[in-house]
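K.L.:
Quick one: structure below, then a few questions.
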Amino acid sequence: MELHHRDQGPRDAPAVVLLHGGGSRGATWDLFTPALLEAGHRVVVPDLRGHGGSPRSRQYTLNSHRDDVLALLDRLGLDRVTLVGHSLGGFAASLVAQERPDRVTRLVLEDPPAPPRVSEGRLSLGRLLLLSIGTADPRRRYDRLALTSAIAQLRQAQPQWWDALPAIAAPTLLLSGGPASHIAPARLAEVAARIPRCELVTLPVGHRIHSTAPERFRETVMKFLGDAVRDGAPAPTSPASPVDGAVREE
């Protein structure tokens with residue numbers, strides 16, 4: 001599976017990989033990409049499997065998205081990157097950071113789904129379709145199976161994912177969309193508590209923070225990344241940019 005992607009900026013610059021949510025595509029990051037390029041980063045923006053210009057598949061597993069991203073990094077010769085992911089892309093980014101913590105320098109998770117630890121029951125196909133319609137913009141190009149498969153799997157118990165959260169070594173920024181999002185803030189607080197170096201920030205604008213509040217998203221993420229991504233220094237630990245389980249609301 002070779003993901004369709006854009007690759008911009010100096011090839012020798014620290015790379016930032018942007019992963020979109022289910023039912024979307026890489027173009028969703030167009031308002032954010034210029035800030036990264038201006039700061040001197042290399043920016044890689046793929047379309048996930050079954051989305052945008054990337055190939056379709058007979059089946060879609062959560063781990064396949066992880067493996068696709070790792071394969072893309074290998075093809076581009078990127079040993080260490082910053083990962084920024086929204087929703088399904090955030091979940092995929094967390095899987096990459098769990099599987100290969102040595103390859104992730106910084107991790108930004110924007111309102112990612114947090115599956116249950118124990119089963120909460122199955123969803124009917126009709127309910128899956130309703131959820132997918134509510135999540136995706138019909139003007140976007142994607143395989144409906146890719147979206148319904150992701151929703152179905154994320155509704156299933158994923159105890160191994162919860163158990164692997166402490167394996168994430170990268171300083172992590174976890175963004176919550178607050179009560180207006182369908183991702184429960186309390187569940188994301190549990191996620192943040194399990195990631196060793198995680199800052200939880202609430203931007204109460206709903207699930208699509210980077211689209212609904214692009215300026216606040218850009219300011220928050222760039223503040224977290226700071227100069228540390230460029231020079232390889234540790235993530236900021238000042239009161240303005242905590243990383244050790246801190247929580248703040250804006």
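The values are calculated or read from the model by the stated rules, or taken from the named source; none is laboratory data. Keep in mind that this is a model prediction, so the values were computed, not measured. Positions of Cβ are backbone-derived with ideal geometry, glycine not excepted, and every protein chain shown enters the neighbour counts. What goes into the accessible areas is simple: the full protein's heavy atoms, side chains included, and nothing from ligands, DNA or RNA. Shrake-Rupley method; radii C 1.70, N 1.55, O 1.52, S 1.80 Å.
K.L.:
Go through (1) within 15 Å of residue 47 (Cα to Cα); (2) under 8 Å from the mean Cα position of the chain (by Cα) for residue 70 and report which single condition fails.
P.N.:
With (1) within 15 Å of residue 47 (Cα to Cα); (2) under 8 Å from the mean Cα position of the chain (by Cα) applied to residue 70, the lone miss is (2).
Table: residues versus (1) over 17 Å from residue 93 (Cα atoms); (2) open to solvent by 50 Å² or more (accessible area, probe 1.4 Å); (3) in a strand (DSSP E or B); (4) without any contact (Cβ under 8 Å) to a residue 40 or more places away in the chain.
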{"site": "157", "(1), (2), (3), (4)": "yes, no, no, no"}
{"site": "170", "(1), (2), (3), (4)": "no, no, no, no"}
{"site": "175", "(1), (2), (3), (4)": "no, no, yes, no"}
{"site": "201", "(1), (2), (3), (4)": "yes, no, yes, no"}
{"site": "210", "(1), (2), (3), (4)": "no, no, no, no"}
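K.L.:
While we're on this one: Which of the residues spanning the stretch 2-27 are touching a Pro at 6+ places or on another chain (Cβ under 8 Å), touching a residue at least 60 places away in the same chain (Cβ under 8 Å) and open to solvent by 30 Å² or more (accessible area, probe 1.4 Å)?
P.N.:
Scanning the stretch 2-27 gives 2, 5.
K.L.:
Now for a different question. Name every residue in the stretch 53-91 that is closer than 22 Å to residue 191 by Cα and touching a Gly at 6+ places or on another chain (Cβ under 6 Å), in order of residue number.
P.N.:
86, 87, 88, 89
K.L.:
If residue 91 satisfies all but one of (1) farther than 19 Å from residue 148 by Cα; (2) of a type in the set (A, V, I, L, M, F, W, C); (3) surrounded by 22 or more Cβ atoms within 10 Å (Cβ to Cβ); (4) in contact with a Pro (Cβ under 6 Å, 6 or more places away or on another chain), what's the number of the condition it fails?
P.N.:
Result: residue 91 passes all but (1).
K.L.:
Go through 108, 84, 96 for me and flag whichever is free of Cβ contacts under 8 Å to residues at least 60 places away in the same chain, buried (at least 21 other Cβ atoms within 10 Å of the Cβ) and either in contact with a helix residue (DSSP H, G or I) (Cβ under 9 Å, 6 or more places away or on another chain) or on the phi < 0 side of the Ramachandran plot (or both).
P.N.:
Step by step, each of 108, 84, 96 is checked, and only 96 is free of Cβ contacts under 8 Å to residues at least 60 places away in the same chain, buried (at least 21 other Cβ atoms within 10 Å of the Cβ) and either in contact with a helix residue (DSSP H, G or I) (Cβ under 9 Å, 6 or more places away or on another chain) or on the phi < 0 side of the Ramachandran plot (or both).
K.L.:
Taking the condition surrounded by fewer than 23 Cβ atoms within 10 Å (Cβ to Cβ) and free of Cβ contacts under 8 Å to residues at least 12 places away in the same chain, does residue 30 pass?
P.N.:
Criteria met by residue 30.
K.L.:
Further, regarding this structure: Does the stretch 184-196 hold any residues that are in a loop (DSSP other than H, G, I, E, B) and either among the acidic types (Asp, Glu) or surrounded by fewer than 19 Cβ atoms within 10 Å (Cβ to Cβ) (or both), and which are they?
P.N.:
Of everything in the stretch 184-196, those that are in a loop (DSSP other than H, G, I, E, B) and either among the acidic types (Asp, Glu) or surrounded by fewer than 19 Cβ atoms within 10 Å (Cβ to Cβ) (or both) turn out to be 184, 196.
K.L.:
Still on this model: Evaluate the stretch 73-80: report whether one residue or more is within 23 Å of residue 216 (Cα to Cα) and not basic (Lys, Arg).
P.N.:
No, the stretch 73-80 contains no residue that is within 23 Å of residue 216 (Cα to Cα) and not basic (Lys, Arg).
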